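We did not get these values from a lab; they are worked out from the coordinates using the rules stated. The structure displayed is predicted, hence computed values, not measured ones. Here Cβ is always computed from backbone atoms with ideal geometry, including for glycine, and neighbour counts include all displayed protein chains.
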Amino acid sequence: MDDPAETARLKILVADDSDSDRLILKSLLKRLGYSVVGAANGRDAVALFQSEVPDIVLLDALMPTMDGMEAARQIKSLAGERLVPLIFVTSLTEPEDLAGCLEAGGDGFLSKPYNPVMIKAKIQAFNRMRLMHQALSDQRDLMHERNRQLQEEQHIARRVFDNVAHTGCLGAPNIRYHASPLSIFSGDVLFASPRPAGGMLVFAGDFTGHGLPAAVGAMPVAESFYGMVAKGFDGSDILREINQKLVRILPKDMFCCGIMVEADFAQNQLKIWNGGLPDTWLLRSPTEQYTLPSRHLPLGILSADQFNADMQSIRSQPGDRLLLMTDGVLECTDSKGQLFGEQGVLHAVESVGGDAHPFDVLMSEIQQFTGQQQFGDDLTLCCLEMVDEAGQAALPDAGELSALAGPTQWQCVYEIRDSTLAEFNPLPLLLHICMEVPGLRRKSGEIYTLLSELYNNALEHGILRLTSEWKYTPEGFDRYYSERATRLSEVDGHYIKFSFHHERMPSGGCLRVVCEDSGRGFDFQNHPVLQATEMAQSGPRYGGRGLALLKRLAKSIHFHNKGNQIEVAYEWFY
Amino acid sequence: MPIQTHRSQDGRSLVIKIEGRFDFSTHQAFRDAYEHGGKDIKGYIVDLSDATYLDSSALGMLLLLRDHAGGDNANIAIENCNNDVRKILTISNFEQLFTIR
């Protein structure tokens with residue numbers, strides 16, 4: 001900083017009403033290599049400061065017209081954020097006078113008579129200070145600029161992210177949620193999507209770490225979730241896929257705690273998987289409340305063969321509310337640094353009464369606890385309500401008719417057997433085959449419903465011989481699912497065979513599906529639903545509801561052989 | 001130092017003792033502790049008797065240690081956790097990966 005090239009450029013303003021003193025100081029400074037401008041009073045000094053923009057100012061304290069104090073005040077104010085060292089050259093010696101100079105904005109003193117060595121040393125010292133201030137200001141400005149750029153980039157990244165990780169059906173009337181507007185950079189995600197055959201899937205996740213790495217990890221999770229739900233995969237399939245993807249792409253010390261909820265409004269059934277997130281609450285009434293704790297490791301840790309994607313099945317009732325949350329809720333702190341914690345959630349849940357919505361109660365308790373309107377970035381809370389199927393808005397027919405005509409005349413047979421029946425869900429694949437026909441693609445929800453009714457009936461009633469009445473009592477419900485798992489693991493010598501046949505019709509097409517299973521069949525000649533025009537509530541093999549659904553969707557239904565083969569025809573029109 | 005290491009009594013395991021907060025600030029020290037532990041180590045013991053707090057980045061560090069120690073074949077015990085720390089390990093179901101006692 002004492003580099004001669006730098007000092008040579010220094011411009012110094014000298015203000016002294018004594019012509020001789022000013023002359024001496026000016027020539028002295030010039031000899032030291034500085035460029036110098038001189039003023040004979042305070043007012044001229046201020047004017048020269050504006051026109052010449054000097055780097056350092058030497059001011060006599062006592063001058064006519066405007067004294068050094070006033071000039072110092074004006075110069076400091078004009079300099080603004082720029083540090084212009086202001087040195088009083090004075091014969092004053094009283095501490096009060098000198099203090100007055102500093103209060104007016106002076107940075108130091110040089111006492112008369114002048115000593116060239118002292119002057120040089122002082123100017124160099126103040127110049128060092130000036131340069132340091134300059135460097136700090138430049139760095140600060142640079143930092144502001146970088147920060148502005150970063151925020152702009154984050155906003156753009158956020159827009160891209162929103163397109164991939166959109167909020168799906170979080171706006172549905174049976175969902176209430178809170179997610180911070182910039183939550184993605186804190187590592188929380190919340191997705192919800194309707195399923196092709198009705199019902200919903202909801203996923204809440206919390207990545208370790210935050211910022212860009214968390215956002216980058218969240219993108220493929222969103223893509224897998226929305227892509228797979230639309231294709232008819234269930235919660236377990238999607239969890240397996242997300243886990244495998246995260247194991248592959250995340251560094252070893254990063255993972256994602258998550259909750260997957262599968263809500264089936266028609267069957268009044270909830271399935272839930274919690275890996276590493278706080279207890280989920282099932283709120284039935286003020287006196288009937290259950291916690292569903294985390295039973296699994298978070299996503300992105302275990303390899304595919306160790307990962308357990310089994311979801312817990314819960315029989316639900318219309319009006320049941322499921323409250324899921326990320327760590328951010330428990331980690332809210334009050335002004336004393338106390339945590340909201342499980343106690344806080346428990347208190348909120350227990351004080352829900354009357355018409356109050358548990359979501360509102362919990363949110364307002366968090367607000368009261370933290371004393372803030374705005375919470376931390378990493379707080380996600382979601383409440384899903386089980387509603388009557390009738391209350392659910394139907395899925396709109398998906399998409400426009402493709403420009404490609406697609407296949408119209410085709411058939412195929414697909415058969416799975418034995419252990420594959422327990423390990424593989426063929427519905428997404430079968431749906432995919434049908435979706436190649438543009439006319440069927442517009443009806444994906446109906447086709448999926450049709451296929452899943454056929455498949456589930458063939459598997460659960462045809463092969464496993466489970467009784468659907470079990471599902472209508474709480475004890476039977478658990479028995480149904482434990483029996484289902486046991487019998488599936490023992491399946492031997494069984495198969496389910498789908499045969500598809502599609503052909504063109506004058507103004508559309510017709511899809512014939514034959515579903516055959518290796519089970520014992522049933523007495524379809526005397527089945528009440530098949531005989532009566534009025535739908536009965538249940539039957540020995542096909543649950544009344546499933547068959548009624550098939551009857552509504554398909555143009556015709558026929559049973560063959562001993563009742564182990566069902567044929568449906570589905571027609572579509574342009 | 002918030003992290004100290006010594007050999008177990010039989011000399012086969014490395015004991016890593018953490019004091020105070022086990023979070024991202026201890027990342028480098030924790031890594032140094034197991035990476036410079038020696039080649040003949042058969043197992044690791046993470047002693048949390050003096051750890052007051054554990055966050056998700058600490059869980060990540062435990063996973064790194066597990067990977068370093070051989071992944072599924074790793075022999076790692078986490079000892080003497082206080083209730084808060086234990087709770088966090090339980091919610092994440094880390095007992096499936098580590099011996100917690």
Taking the simple approach of a point 7 Å from Cα along Cα-to-Cβ for both B:Tyr53 and A:Thr93, what is their distance in nm? 6.0
Rough spin-label spacing in nm, given labels placed 7 Å along Cα→Cβ, for A:Ser285 and A:Ala405: 6.2
If you take the beta carbon distance between A:Ser27 and A:Phe109 as r and set R0 to 22 Å, what does 1/(1 + (r/R0)^6) give as a FRET efficiency, to the nearest 0.05? 0.55
In debye, nearest 20: dipole of chain A around its Cα centre with unit charges on the Cβ of K, R (+) and D, E (-)? 1360
List the pairs from A:Lys245/A:Lys497; A:Lys11/A:Lys112; A:Lys471/B:Lys87; A:Lys271/A:Lys443; A:Lys26/A:Lys120; A:Lys245/B:Lys87 whose alpha-carbon separation is above 24 Å, in the order I gave them. A:Lys245/A:Lys497; A:Lys471/B:Lys87; A:Lys271/A:Lys443; A:Lys245/B:Lys87
Nearest 10 degrees is fine. How inclined is helix A:341-350 to the longest principal axis of chain A, computing both from alpha carbons? 50
Would you please give the FRET efficiency between A:Arg128 and B:Lys39, computed as 1/(1 + (r/R0)^6) with r the Cβ-Cβ distance and R0 = 56 Å, to the nearest 0.05? 0.60
Of A:272-281, A:456-465, A:310-319, ordering from highest average Cβ density within 10 Å down gives A:272-281, A:456-465, A:310-319
Could you tell me how many degrees, from 0 to 90 and to the nearest 10, lie between the Cα long axis of helix A:444-456 and the main elongation axis, the longest principal axis, of the Cα atoms of chain A? 50
Separation of the B:Phe24 and A:Arg417 label points, Cα + 7 Å toward Cβ, nm: 5.6
Highest GNM mean-square fluctuation among B:Thr52, B:Thr26, B:Thr90, for chain B with Cα springs under 10 Å, belongs to B:Thr90
Going toward the positive end of the dipole of the protein assembly as shown, with +1 on Lys and Arg Cβ and -1 on Asp and Glu Cβ, which of A:Leu201, B:Gly60, A:Val568 do you reach last? A:Val568
Treat the count of other C-beta atoms within 10 Å as a stand-in for reagent exposure and order B:Arg21, A:Arg240 from fewest to most. B:Arg21, A:Arg240
Within 10 Å of each Cβ in A:278-288, the average number of Cβ atoms from other chains: 0
Per the helix-only calculation at 222 nm, which mean residue ellipticity applies to chain B, given -39500 (n - 2.57) for every DSSP H run of n ≥ 4 and division by its residues, nearest 500 deg cm²/dmol? -9000 deg cm²/dmol
How large is the charge dipole for region A:48-159, taken about the Cα centre, if only the Cβ atoms of Lys, Arg (+1) and Asp, Glu (-1) carry charge, to the nearest 20 debye? 560
Would you work out which of B:Phe22, A:His461, A:Gln367 lies farthest towards the positive end of the dipole of the protein assembly as shown? Charges go on Cβ: Lys and Arg +1, Asp and Glu -1. A:His461
Of A:Leu330, A:Thr287, A:Tyr226, farthest towards positive along the dipole that unit charges on Lys, Arg, Asp, Glu beta carbons give region A:165-391: A:Tyr226
Rounded FRET efficiency, nearest 0.05, which uses the C-beta distance separating A:Ser364 from A:Gln306 and R0 of 41 Å: 0.45
Fewest to most Cβ atoms within 10 Å: A:Val14, A:Val413, A:Val361 sort as A:Val413, A:Val361, A:Val14
Computed lengthening from A:His432 to A:His357, 0.36 nm per intervening residue step minus Cα-Cα distance: 23.0 nm
Taking the Cβ of A:Ser137 as the centre, find all other residues whose Cβ is under 12 Å away and add up their charges (Lys, Arg: +1; Asp, Glu: -1). 0
Sum of -39500 (n - 2.57) over DSSP H runs of 4+, divided by residues of chain A (222 nm, nearest 500): -12000 deg cm²/dmol
Shape of region A:4-136 from its Cα gyration tensor (a ≥ b ≥ c, root eigenvalues): rounded if a/c is under 1.5, otherwise prolate when a/b > b/c, or oblate? rounded
Lys, Arg +1 and Asp, Glu -1 on Cβ, resulting dipole of chain B about Cα centre, debye, nearest 20: 160
Of B:Leu48, A:Leu92, A:Leu142, how do they rank once you tally other Cβ atoms within 10 Å and put the fewest first? A:Leu142, A:Leu92, B:Leu48
Taking chain B as the reference, fit the longest principal axis to its C-alpha atoms, fit the long axis of helix B:56-68 to the helix C-alpha atoms, and give the angle between the two in degrees, 0 to 90, nearest 10. 20
